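The values are calculated or read from the model by the stated rules, or taken from the named source; none is laboratory data. Note that the coordinates shown come from a computational prediction; the quantities given were computed from them, not determined experimentally. A quick note on method: Cβ atoms are made from the backbone with ideal geometry, for glycine too, and the neighbour counts reach across all protein chains shown. Please note that ligands, DNA and RNA were not included when accessible areas were found on the heavy atoms of the full protein model with its side chains. Shrake-Rupley method; radii C 1.70, N 1.55, O 1.52, S 1.80 Å.
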Amino acid sequence: LVRVKSSFVSNVTHELKTPIAVIKLAVETLEMRRFRSPEEEEKYLRTILKESDRLTQLVDNILDFSRLESGQQTLRLAPVSVADLVANVMESFRLRLEDERFEWHVDVPEGLPRIQADSIALQHCLLNLLDNAVKYSRDRKEIRVVARERDDMVSIAVGDRGIGIADRRGDLLHDHV
C-alpha cells in the first residue's frame with residue numbers, strides 16, 4: 001500500500017509539474033516580450049489557458065479520487081442527454097484539439113434516450129479519455145467520439161490512433177465511458 005501511494009504521489013507530481021512548467025515559460029515569454037507578432041502572442045495566451053484548464057482537470061481528478069477513497073463521493077443522478085453532454089465536452093475541448101492540429105469526428109445519433117447519470121462525473125470521464133487520446137497520439141492525430149444504444153444501455157467511446165494496442169483490424173482504438 002505504501003508503494004502504491006508513493007507511486008501515485010510521484011505520478012501526480014509529474015502530471016502537475018508539466019503544465020506548470022509550460023505556463024511559466026509562456027508567461028515569461030510574454031512578460032519579456034519575446035514574441036514576434038500579435039498572432040504569436042495570442043498563441044502563448046491560448047497555451048496558458050489550455051494548460052490552466054489541464055491543471056484544473058488534474059486537480060479535480062485528484063479531489064475526486066480522494067473523495068472516492070474516503071467514501072465521501074456521492075453521485076448526483078439525473079436524466080442526461082448524451083448528445084448535449086458530448087457536444088458540450090467537445091466544445092470545451094475544441095481549442096486544445098485545434099492547437100494540437102487534431103482531426104475529430106463525433107458520431108452521436110439522434111434519438112438516443114436520456115440516461116440516468118451524474119453529468120459532471122460523466123463529463124470528467126469523457127474529458128480524461130480525450131486528454132489521454134491527445135497525450136498519447138503521435139503522428140496520426142485523429143480522434144473519434146461515438147455514442148450508441150444497445151441492449152437498453154448507452155455507451156460513449158473515444159477512439160484514437162495513438163500508441164496503444166491496435167485491435168485486430170487496425171481500427172481506431174476505443175476507450176468506453
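First measure r as the distance between the Cβ atoms of SER66 and ARG34, then evaluate 1/(1 + (r/R0)^6) with R0 = 25 Å and state the FRET efficiency to the nearest 0.05.
Values: r = 39 Å, r/R0 = 1.56.
Efficiency computed from Cβ-Cβ geometry: 0.05.
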Length gained, ASP152-ARG3, 0.36 nm per residue minus C-alpha separation, equals 49.5 nm
Under the rule that an exposed site lies in a DSSP loop and has at most 13 other Cβ atoms within 10 Å, name the longest stretch of the chain with no GluC sites (Glu not before Pro) of that kind, not counting the sites themselves.
1-99
Dmax and Rg, reported as Rg then Dmax, of the chain (C-alpha, Å):
18.3, 59
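Please return the longest range in the chain lying between exposed loop sites, taking trypsin sites (Lys or Arg not before Pro), DSSP loop only, at most 16 other beta-carbon atoms within 10 Å, and leaving the sites out. All intermediate terms of the calculation are to be shown ahead of the outcome.
Details: sites that count: ARG33, ARG34, ARG36, ARG76, ARG101, ARG114, ARG138, ARG140, ARG168, ARG169.
After excluding every exposed loop site, the longest remaining stretch is 37-75.
How much accessible area per residue does the chain have, in Å², with a 1.4 Å probe? Don't skip to the answer; put the middle values down first.
On the way: 12130 Å² over 177 residues.
The answer is 69 Å² per residue.
Rounded to a whole number, what % of the accessible area of the chain do carbon and sulfur atoms account for, probe 1.4 Å?
On the way: 6320 of 12130 Å².
Here carbon and sulfur together make up 52 percent of the probe-accessible area.
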Aspartates and glutamates within cross-link reach of LYS5: Cα-Cα under 14 Å, excluding same-chain residues under 8 positions apart?
GLU69
